[in-house]
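Written below as structure tokens is the structure these notes are about.
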Amino acid sequence: MIVSAYLMASDSVQMGNLEWQDTHENKSMKLHWAEGNIYCQELILGEHTDWRLPTIEELLSISDNTQKPSIHKSFKYVLAKHYWTSNLHIADATKIWAVNFNIPAVNSGNRSLQTYVRCVRNRSQ
């Protein structure tokens with residue numbers, strides 16, 4: 001089941017050109033990759049509707065090796081777990097790249113597995 005919600009602007013973190021979802025769903029909701037994609041596309045947060053799954057590079061940009069979980073201290077809803085990216089695995093169409101905020105590290109996972117999602121949007125839009 002896809003959950004789409006209208007959330008307050010305080011439920012996001014702004015870093016550079018990006019605005020990140022920071023809600024309890026980031027810790028509690030595991031989705032298949034396709035569901036995560038739809039969830040971000042349907043998310044309404046702070047009156048914005050242009051949310052999407054982040055790239056590997058974008059997710060790694062919020063990592064912080066001095067924190068446990070390894071994510072910037074501005075985020076409230078964090079787990080030392082894998083979060084989906086929008087990057088497809090070129091050599092294996094059944095896999096998608098995910099960032100693990102335990103280390104941080106980039107790993108591929110089967111798109112049918114359920115893992116966590118943190119949506120992002122470009123602030124200039």
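The values are calculated or read from the model by the stated rules, or taken from the named source; none is laboratory data. Source: prediction; values computed, not measured. Methodologically, a virtual Cβ is constructed for each residue, glycine included, from the backbone with ideal geometry; neighbour enumeration extends over all protein chains shown.
Tabulated data
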quantity	calculated
Residues that are at pLDDT below 95 and exposed (fewer than 15 other Cβ atoms within 10 Å of the Cβ), drawn from region 50-66	Asn65, Thr66
Qualifying positions in region 71-103 - under 22 Å from Trp51 (Cβ atoms), outside any strand (DSSP E or B) and not aromatic (Phe, Trp, Tyr)	His72, Ser74, Lys76, Val78, Leu79, Lys81
Residues of region 8-64 satisfying the condition of being in contact with an Asp or Glu (Cβ under 9 Å, 6 or more places away or on another chain), within 26 Å of Ile103 (Cα to Cα) and among the polar types (S, T, N, Q)	Ser12, Gln21, Thr23
Selection status of Glu42, more than 11 Å from the chain's Cα centre (by Cα), under 13 Å from Val120 (Cβ atoms), surrounded by fewer than 17 Cβ atoms within 10 Å (Cβ to Cβ) and not small (Gly, Ala, Ser)	no
Selected residue [touching a strand residue (DSSP E or B) at 6+ places or on another chain (Cβ under 8 Å), under 16 Å from Leu31 (Cα atoms) and touching a residue at least 60 places away in the same chain (Cβ under 8 Å)] from Arg121, Arg52	Arg52
Residue match in region 5-14 (condition: touching a residue at least 40 places away in the same chain (Cβ under 8 Å), touching a strand residue (DSSP E or B) at 6+ places or on another chain (Cβ under 6 Å), buried (at least 18 other Cβ atoms within 10 Å of the Cβ) and under 15 Å from Cys119 (Cβ atoms))	yes
